[in-house]
Amino acid sequence: MMKTASVEVLEEAPVLSADPYGDIFYAGSAEAYNTAIQGALKVVTGFLQHTKKPFSGIKPDQLAQLFSTIDFDTPLPDYKSLLKEVEQLYVNHATAFHLPQYIAHLNCPVVIPALAAEVLVSAINSSQDTYDQSAGGTLMECKIIDWTGREIGYGTDCDGVFTAGGSQSNLMGLLLARDHYAMKHRGHNIKLLGLPEDAGRYRIFVSEKAHFSNQKNASLLGLGEQALVSIPADERFRMDATLLEAAIKKELEQGNIPIAVVATAGTTDFGNLDPLLAIGRLAAQYGLWYHIDAAYGCGLLLTEKYRYLLNGAELSDSITVDYHKSFFQPISSSAFIVKHKASLDIIRHHADYLNPEEQDYDELPAQINKTVTQSTRRFDALKLWFTLRLMGKEKLGEYTEVIIDTAEQAACLIETDPELELLSHSDLGVLVFRHKPSYVHSRDYDTFNQAIKKSLFFSGEVLLASTRVNGHFYLKFTILNPLTTITDIQNILTAIKVHGKDAHRQ
Ligand SMILES: *Cc1c(COP(=O)(O)O)cnc(C)c1O
């Protein structure tokens, strides 16, 4: 198990203040605040300096044992004991996203300006719902939304809001699609009246490789998962636009009601972008709301070399961007953006105490007018503000380009290795493959690759992801770290083979 040197480091950690209000953040406790933060910072730098593997390998039951003696009725005497406890229970076993050997899910390493901003975000604790709880915070969020919208190609009428994540942003996309359809075609206000009678026939088209949040969101919206029409993907696992048109026609023939299409700009499993232009043209032709899920692919906005992959994004009505995936931001940092401001009016709810109807929102803006599932809301935009103002778009874009280039080299390595099978190249950085050495029978590939993944996980050496394609189990790399080199990838592939041999022997 991992050792840390931080216990000694914390020798001078602060003790609790004698002031009975010394734990409240106020003018009288500035010093206490400072020392507490210094203590926490030492734990963080200890984590950076002493973590050599992406995971300690601890099993849940071992970890649970450490929790058995924790008693909330008996508080700890000082920060030193607290930080030591938190190290043992959490920090020593936390997944280290910043190491190249973490190559599993869409978790990016984070940039330091954003972490500096985080100090302000939590301490000053603005709430982004109304101007009177945030002031400059609201304007900064709006400016970042506006900037992102213009990068997408939306023009000056765009608008939007920071959300907790891509799933929530996608929910807003489908909600607007649903409510605008009912209003425009039936004069029916779902917000007030609930679903119209024909809502069971509403249809939303998504690729078979789209994110599962679409299913959850369709359920939440009362349309049911049955509302989703899954469009088969091509050989690179992108939505096939020809089959999309066929599916729209088929639904129309059956008397169903196509309301929206969701394109994925960067699939979670393959990192490829659906044909955004072709889908956009079909959406316009059939009068469908066009939502783009760019939770992952939004990072392309920053690059010059690969920006073209997002061509067609400007045709959409709404878009999801996850800065906490592809802009190197700490969780949470995501946005939902619409091309036309007015399309958000349909979800607005006036609370007399917060955002009354009579208020002039040009004079006194209120982001709460644009949210559906959040009132009190963190000032996450400040992290991106620090990042963009200090590092600039180009530098972030270079990171993304390096990642894409490394992923392509990795794809070539895997593809040319006779013991490995790659399913697809990636526009971004996800590679799905399996190990199939000659000593393993093809009928055992699934269990063999499962064993490799598990063995690597509990060794803590390498954290991989996995997925199923046509019922079969594959390993998955998600490359989202500009520090990851092709040598790192080679070493990870070697570790896969070593663990494979070991697993086979057992
Ligand atoms: C990650 C992801 C989401 C969900 O985003 P969260 O921020 O995890 O809620 C949605 N769509 C795609 C394509 C994703 O990769």
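The values are calculated or read from the model by the stated rules, or taken from the named source; none is laboratory data. A quick note: this is a predicted structure, and the numbers were derived from the prediction, not measured. Using ideal geometry, Cβ is built from the backbone for each residue, glycine included, and neighbour counts are taken over all protein chains shown.
When you look at residue 345, is it within 24 Å of residue 153 (Cβ to Cβ), within 17 Å of the chain's Cα centre (by Cα) and charged (D, E, K, R), yes or no? Criteria not met by residue 345.
Condition check ((1) free of Cβ contacts under 8 Å to residues at least 60 places away in the same chain; (2) under 30 Å from residue 308 (Cα atoms)) across all residues:
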| position | (1), (2) |
| --- | --- |
| 405 | yes, yes |
| 425 | no, yes |
| 457 | no, no |
| 473 | yes, no |
| 484 | no, yes |
| 497 | no, no |
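The rows are residues; the columns are (1) over 21 Å from the mean Cα position of the chain (by Cα); (2) of a type in the set (A, V, I, L, M); (3) outside any helix (DSSP H, G or I); (4) farther than 28 Å from residue 429 by Cβ.
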{"site": "279", "(1), (2), (3), (4)": "yes, yes, no, no"}
{"site": "283", "(1), (2), (3), (4)": "yes, yes, no, no"}
{"site": "290", "(1), (2), (3), (4)": "no, no, yes, no"}
{"site": "298", "(1), (2), (3), (4)": "no, no, no, no"}
{"site": "319", "(1), (2), (3), (4)": "no, yes, yes, no"}
{"site": "337", "(1), (2), (3), (4)": "no, yes, yes, no"}
{"site": "357", "(1), (2), (3), (4)": "yes, no, yes, yes"}
{"site": "360", "(1), (2), (3), (4)": "yes, no, yes, yes"}
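For the stretch 149-159, a residue qualifies if it is of a type in the set (Ser, Thr, Tyr) and buried (at least 23 other Cβ atoms within 10 Å of the Cβ), and exactly one does: 154. Look at residue 39 and say whether it is modelled with pLDDT under 95, within 19 Å of residue 122 (Cα to Cα) and surrounded by 14 or more Cβ atoms within 10 Å (Cβ to Cβ). So residue 39 fails the test. Is there a residue being touching a residue at least 12 places away in the same chain (Cβ under 8 Å) and within 16 Å of the ligand (Cβ to nearest atom) anywhere in the stretch 130-149? Scanning the stretch 130-149, I find at least one residue that is touching a residue at least 12 places away in the same chain (Cβ under 8 Å) and within 16 Å of the ligand (Cβ to nearest atom), so the answer is yes. With (1) more than 23 Å from residue 58 (Cβ to Cβ); (2) assigned to a helix (DSSP H, G or I) as the list, and residue 473 as the residue in question, which single condition is left unmet? Only one criterion is unmet by residue 473, namely (2). If you go through the stretch 362-391 and keep only what is under 22 Å from residue 170 (Cα atoms), in a loop (DSSP other than H, G, I, E, B) and of a type in the set (D, E, K, R), you end up with 377, 378, 380.
Considering 329, 367, the condition of being assigned by TED's automatic domain parsing to the domain that holds residue 220 and within 16 Å of the ligand (Cβ to nearest atom) is satisfied by 329 alone.
Just to be sure I understand, how many residues within the stretch 46-81 are among the β-branched types (Val, Ile, Thr) and either on the phi > 0 side of the Ramachandran plot or without any contact (Cβ under 8 Å) to a residue 24 or more places away in the chain (or both)?
Going through the stretch 46-81 one residue at a time, the tally reaches 3.
For residue 353, the conditions (1) away from the ligand (no atom under 16 Å from the Cβ); (2) hydroxyl-bearing (Ser, Thr, Tyr); (3) buried (at least 19 other Cβ atoms within 10 Å of the Cβ); (4) over 23 Å from residue 241 (Cβ atoms) are fulfilled apart from (3).
Scanning the stretch 160-181 for residues that are surrounded by fewer than 22 Cβ atoms within 10 Å (Cβ to Cβ) and either more than 16 Å from the ligand (Cβ to nearest atom) or modelled with pLDDT under 95 (or both) gives 179, 180. Quick one: is residue 264 within 13 Å of residue 428 (Cβ to Cβ), free of Cβ contacts under 8 Å to residues at least 60 places away in the same chain and of a type in the set (S, T, N, Q)? Yes; evaluated as a whole, the condition is true for this residue. Among residues of the stretch 230-254 that are more than 22 Å from residue 265 (Cβ to Cβ), none has a beta-carbon under 8 Å from a residue that is outside any helix (DSSP H, G or I) and among the hydroxyl-bearing types (Ser, Thr, Tyr) at least six positions away or on a different chain. Within the stretch 399-415, the presence of a residue that is in contact with a helix residue (DSSP H, G or I) (Cβ under 7 Å, 6 or more places away or on another chain) and not in a helix (DSSP H, G or I) is excluded. Identification of helices (runs of 4 or more DSSP H) wholly contained in the stretch 186-270 with 1 or more residues that are away from the ligand (no atom under 16 Å from the Cβ) yields 190-193, 241-253. For the stretch 360-373, the count of residues that are in contact with a helix residue (DSSP H, G or I) (Cβ under 8 Å, 6 or more places away or on another chain), of a type in the set (D, E, K, R) and surrounded by 17 or more Cβ atoms within 10 Å (Cβ to Cβ) is at least one. Search the stretch 247-276 for residues being within 23 Å of residue 310 (Cα to Cα) and of a type in the set (Gly, Ala, Ser), and hand back the single one that is surrounded by the fewest Cβ atoms within 10 Å (Cβ to Cβ). Across the stretch 247-276, the extreme among qualifying residues is 260.
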